[in-house]
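Okay, so here's the structure we're looking at.
The values are calculated or read from the model by the stated rules, or taken from the named source; none is laboratory data. All figures in this text were calculated on a predicted structure; none of them were measured in a lab. Using ideal geometry, Cβ is built from the backbone for each residue, glycine included, and neighbour counts are taken over all protein chains shown. Just the protein is used for accessible areas: all its heavy atoms, side chains included, with ligands, DNA and RNA removed. Shrake-Rupley method; radii C 1.70, N 1.55, O 1.52, S 1.80 Å.
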Amino acid sequence: MTSTQSVVMNPSVSTHSLRLRVPGDKSISHRAVMLGALATNSSTFYGFLESQDCLNTLHIFSNLGVHSQLKNGVLCIDGVGLKGLMAPHHQLDCGNSGTGIRLITGVLAAQSFDSIISGDASIQTRPMKRIIDPLSRMGARVSGVATATDMVPPLVIHGGATIRGIDYEMGIASAQVKSSILLAGLYANGVVRVTEPRETRDHTERLIRGFGGAIEWGDQLVTLNPSQLLNPHPDRPIQIPGDFSSAAFFLAYGAVVRPIELVMVGMNPTRTRFLDVLNAMGARIECSDYSGDDMEPYATIRISPSELNNIEVPPEWVPNLIDEIPILAILALFARGELVVRQASELRVKESDRIQSIAQLIQKMGGQIETMPDGLKVTGGSSILEFEANSNGDHRIAMAGIMGGLMGHVRCMMHGVSCISTSFPTFFECISEIGASIEWLDI
Ligand code: S3P
């Protein structure tokens, strides 16, 4: 994406404790639109994330003939049933969202009409063979633009395919791939079984089950039975909790600078590995006020500064920590010893090559980092310098950089921050609550 805006941040001098609420979960908000659209009746979601990525997904389903209303984070969506989508008049645009394109392709693969889906410049470099292969084995006809090693968008989807069941062993731990298969699997004439090499986020499974679908999962195996009918409870709105991945930026701040309380944060256990890492590093964390039904739990998290020690992250934790690795790498600068993250080569194919983007950022901050093909090592303890860095168009790098400046009490200039709106549209409001001063630059 073109992410042009620049910002200068001056850290806060305030020491009083803070209470913040981060906006709704991005992964769940995408799925709310998709499964809400395919349901037989209407559904209501509170706390929908009005970020660019999720609004693009909503727009795509409006192009597919689905009516919805969105006001102050309340999304009411009139489901059209599995067979009720209409052919779009234009190419569909998912913007910067890998979740959007991979999951929606699963839905489009099972329709009677043809479609084309693409996104911004970053999306047009992202690997799609990972979904094209299983969807093709299910009978779908999806193709992309061939590169030396993969297939990239635009994706062309031919309608009218008969979707079959599948027994699929995923080569990579990816919730996007799993969910793409499950969404196509709603249309399958046989059982869909997906085995994951490591457990990944289970929001799709929870929502299908919440809508009455015949789905079971556990021990890295998901089984979806044929003849799905998605039937949301008409009088039971669904609460989308705050996005744990957005909360992570402020948890890191609270672990280093001053006590912070984050309310209504999503506590789905497939998302909260960062809390285990923080605990292992010696952070002072307390969780309370657990709420939410079995759809998506949430809680209040309190964290206060303590002495932190870096750890070697167990590789099996990586898939449930993947989006938090940029801020974890920054946090490592403020802890003793060495943070080691391995078996995280997926970071290379996110919104940017995150291993490289993190390394560039940390070097600009005066920190020590070593990269490996599948991970990184960060040495804590060196003092942070005033710095100027670029997000490489990646929202999590932009936010990690800004938090790094605030945590290190240094002035920083971050270029390319407009991409933050893809996941955390109120980020700068939260930053103002911290008391940091923000100067916008027009360059
Ligand atoms: C997501 C899954 C993860 C994650 C992304 C959101 C999802 O991607 O990094 O931000 O909503 O399913 P992968 O499935 O590619 O690991």
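Farthest toward the dipole's positive end in the chain, which of Thr422, Ala148, Gly405, given Cβ charges of +1 (Lys, Arg) and -1 (Asp, Glu) about the Cα centre?
Farthest along the dipole direction, towards plus: Ala148.
Post the alpha-carbon centroid distance, the range 19-88 to the range 146-197, in whole angstrom.
Centre-to-centre distance over Cα atoms comes out at 22 Å.
Take the solvent-accessible surface of the protein heavy atoms, probe 1.4 Å, and return the percent of it on the range 26-225 that carbon and sulfur atoms account for.
On the range 26-225, the fraction of accessible area on carbon and sulfur atoms equals 47 percent.
Taking Cα centroids, how far is the range 393-414 from the range 327-360 in Å?
The two parts, judged by their Cα centres, are 14 Å apart.
Mind checking which of Ala87, Thr195, Cys54 is farthest towards the positive end of the range 26-225's charge dipole, using Cβ charges of +1 (Lys, Arg) and -1 (Asp, Glu) about the Cα centre?
Ala87
Heavy-atom accessible area per residue, the range 243-345, 1.4 Å probe: how many Å²?
It amounts to 31 Å² per residue over the range 243-345.
What are the trypsin sites (Lys or Arg not before Pro) within the range 62-149 that DSSP puts in a loop, where the Cβ has at most 13 other Cβ atoms within 10 Å?
The qualifying sites are Lys83.
Tell me whether the chain comes out rounded, prolate or oblate; compute the Cα gyration tensor, take square roots of the eigenvalues as a ≥ b ≥ c, and use a/c under 1.5 as the rounded threshold.
prolate
Pop out the ³J(HN,Hα) list for the range 192-206 in order, Karplus 6.51 cos²θ - 1.76 cosθ + 1.60 with θ = phi - 60°, rounded to Hz; leave Gly and Pro as x.
After applying 6.51 cos²θ - 1.76 cosθ + 1.60, I find 10, 10, 10, 10, 9, x, 8, 4, 10, 4, 10, 5, 5, 4, 4 Hz.
Can you list residues whose amide H is under 5 Å from Arg201's amide H, if they're 5+ apart or on another chain and H is modeled 1.01 Å from N?
When sequence neighbours closer than 5 places are left aside, the close amide H contacts are Ala175.
Let me know the charge dipole size of the chain about its Cα centre in debye, to the nearest 20, where only the beta-carbon of Lys, Arg (+1) and Asp, Glu (-1) is charged.
Roughly 440 debye, rounded to the nearest 20.
Using a 1.4 Å probe, what is the accessible area per residue for the range 26-225, in Å²?
36
Would you mind checking the tilt of helix 26-38 against the longest principal axis of the Cα atoms of the chain, expressed as 0 to 90 degrees and rounded to 10?
Orientation of helix 26-38: about 10 degrees from the principal axis.
Can you count the Lys pairs in the chain with C-alpha separation below 27 Å, eight or more apart or on different chains?
Within the chain, the lysine pair count is 13.
Rounded, prolate or oblate: which fits the range 1-154, taking a ≥ b ≥ c as square roots of the Cα gyration tensor eigenvalues, rounded meaning a/c under 1.5, else prolate when a/b beats b/c?
oblate
Out of Met295, Leu278, Ser306, whose Cα points farthest toward the positive end of the dipole of the range 258-380 (charges: +1 Lys, Arg; -1 Asp, Glu; placed on Cβ)?
Checking the options against the dipole of the range 258-380, the answer is Ser306.
Just want to confirm a number: the relative contact order over the range 342-404, from Cα pairs under 8 angstrom separated by 6+ residues, in percent.
32 percent.
For the range 26-225, give the magnitude of the charge dipole about the Cα centre (Cβ charges: +1 Lys/Arg, -1 Asp/Glu; no others), in debye to the nearest 20.
In debye, rounded to 20, the range 26-225 gives about 120.
Let me have the relative contact order for the chain, percent, based on Cα pairs under 8 Å that are six or more residues apart.
RCO, the chain: 20 percent.
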